[in-house]
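Please see the structure below; I have some questions.
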Amino acid sequence: PIQWSEVYDHFGTNLNKGTIVHVWKDVTNVTEVVANGYNTLVNVGYVDKSWYLDNLDVAWAAVYSKDPCEGVPDELCPMVLGGHGEMWGETVDASDLEQTVWPRMAAIAERLWSPKDTTDADAALPRIEAFRCLLNSRGIAAAPVNNADAREGPPSPASCFEQRRALRF
């Protein structure tokens with residue numbers, strides 16, 4: 001079973017070792033959890049590299065720089081099974097869901113699916129921009145990549161057209 005970090009914080013090592021601890025609170029020490037023999041899923045919420053997509057002022061590059069094994073010794077990192085991005089409903093509705101989630105969710109996905117040493121946001125930028133344009137071409141209202149606020153519109157018209165011409169895709 002997967003349990004929230006509060007369950008681990010309350011029961012500690014009394015939990016069955018088959019339990020996966022979903023660490024979402026910064027008061028739960030990921031290193032302690034894995035050192036005690038528990039697999040984890042990680043997403044600490046309201047911080048400067050948060051994978052909570054309702055943190056509208058957290059830029060995609062900060063999201064990309066989040067290492068799910070940050071502070072965890074290399075030998076214990078395999079117990080960090082991954083993480084995920086959350087979009088809580090208090091700050092979104094049908095009118096702005098897609099541009100709130102995309103392309104930052106793509107940055108989270110690339111980070112989780114890539115080798116640990118894949119951390120260069122500058123190298124990732126063309127991929128994230130191209131993916132955003134691909135989403136737009138498929139009717140998904142993904143926001144521009146480098147917005148200060150996740151939902152802002154593009155700085156100029158035809159941003160994907162200009163990217164396609166530059167990248168020739």
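Does residue 87 meet the test of being at pLDDT 90 or above and of a type outside the set (Val, Ile, Thr)?
Details: at pLDDT 90 or above: no; of a type outside the set (Val, Ile, Thr): yes.
For residue 87, the condition - at pLDDT 90 or above and of a type outside the set (Val, Ile, Thr) - is not met.
So, one more: Over 30 Å from residue 28 (Cβ atoms), open to solvent by 50 Å² or more (accessible area, probe 1.4 Å) and among the hydroxyl-bearing types (Ser, Thr, Tyr) - does that describe any residue in the range 85-95?
We begin by selecting, within the range 85-95, every residue over 30 Å from residue 28 (Cβ atoms); these are 93-95.
Filter once more, so that each one left must be open to solvent by 50 Å² or more (accessible area, probe 1.4 Å): 93-95.
Adding the requirement that they be among the hydroxyl-bearing types (Ser, Thr, Tyr) leaves 95.
Yes, the range 85-95 has at least one match.
Just checking, does the range 69-80 include any residue being touching a Leu at 6+ places or on another chain (Cβ under 6 Å), of a type outside the set (A, V, I, L, M) and at negative phi?
no
Scan the range 3-18 residue by residue and report those that are open to solvent by 80 Å² or more (accessible area, probe 1.4 Å) and within 21 Å of residue 70 (Cβ to Cβ).
4
Is it the case that the range 47-58 has a residue that's touching a residue at least 24 places away in the same chain (Cβ under 8 Å) and basic (Lys, Arg)?
No, the range 47-58 has no match at all.
Just for the range 26-55: of the residues that are open to solvent by 40 Å² or more (accessible area, probe 1.4 Å), part of a loop (DSSP other than H, G, I, E, B) and modelled with pLDDT of 85 or more, which one is farthest from residue 76 (Cα to Cα)?
The qualifying residue farthest from residue 76 (Cα to Cα) is 27.
Could you list, ordered by first residue, the pairs with Cβ atoms under 6 Å in which the first is in the range 1-30 and in contact (Cβ under 8 Å) with a residue 60 or more places away in the chain and the second is acidic (Asp, Glu) and in a helix (DSSP H, G or I), at least 6 apart or interchain?
Final answer for the pair search is none.
Also, I was wondering about something else. Which of the helices (runs of 4 or more DSSP H) contained wholly in the range 76-145 include at least 1 residues that are closer than 13 Å to residue 64 by Cα and among the basic types (Lys, Arg)?
Those helices (runs of 4 or more DSSP H) span 104-113, 121-137.
Let me ask something else about it. Please determine whether any residue of the range 103-110 is surrounded by 13 or more Cβ atoms within 10 Å (Cβ to Cβ) and closer than 27 Å to residue 18 by Cβ.
yes
All but one of (1) at pLDDT 90 or above; (2) open to solvent by less than 80 Å² (accessible area, probe 1.4 Å); (3) basic (Lys, Arg) hold for residue 164; which doesn't?
The one condition residue 164 does not meet is (1).
Among the residues of the range 111-138, which ones are open to solvent by less than 30 Å² (accessible area, probe 1.4 Å) and among the basic types (Lys, Arg)?
Selection gives 111, 132.
Name the residue, out of 21, 80, 63, 72, that is of a type in the set (A, V, I, L, M, F, W, C), surrounded by 15 or more Cβ atoms within 10 Å (Cβ to Cβ) and in contact with a Pro (Cβ under 8 Å, 6 or more places away or on another chain).
After ruling out the rest, the residue left standing is 80.
Select from the range 43-90 the residues that are aromatic (Phe, Trp, Tyr) and out of contact with any strand residue (DSSP E or B) (no Cβ under 8 Å at 6 or more places or on another chain) and write down the one among them that is nearest to residue 23 (Cα to Cα).
Step by step, filter the range 43-90, then rank; the result is 64.
The values are calculated or read from the model by the stated rules, or taken from the named source; none is laboratory data. Remember, predicted model here, so these are calculated numbers, not experimental data. No Cβ is skipped: glycine too gets one built from the backbone with ideal geometry, and neighbour counts run over all protein chains shown. The area values use the complete protein model at the heavy-atom level, side chains included, leaving out ligands, DNA and RNA. Shrake-Rupley method; radii C 1.70, N 1.55, O 1.52, S 1.80 Å.
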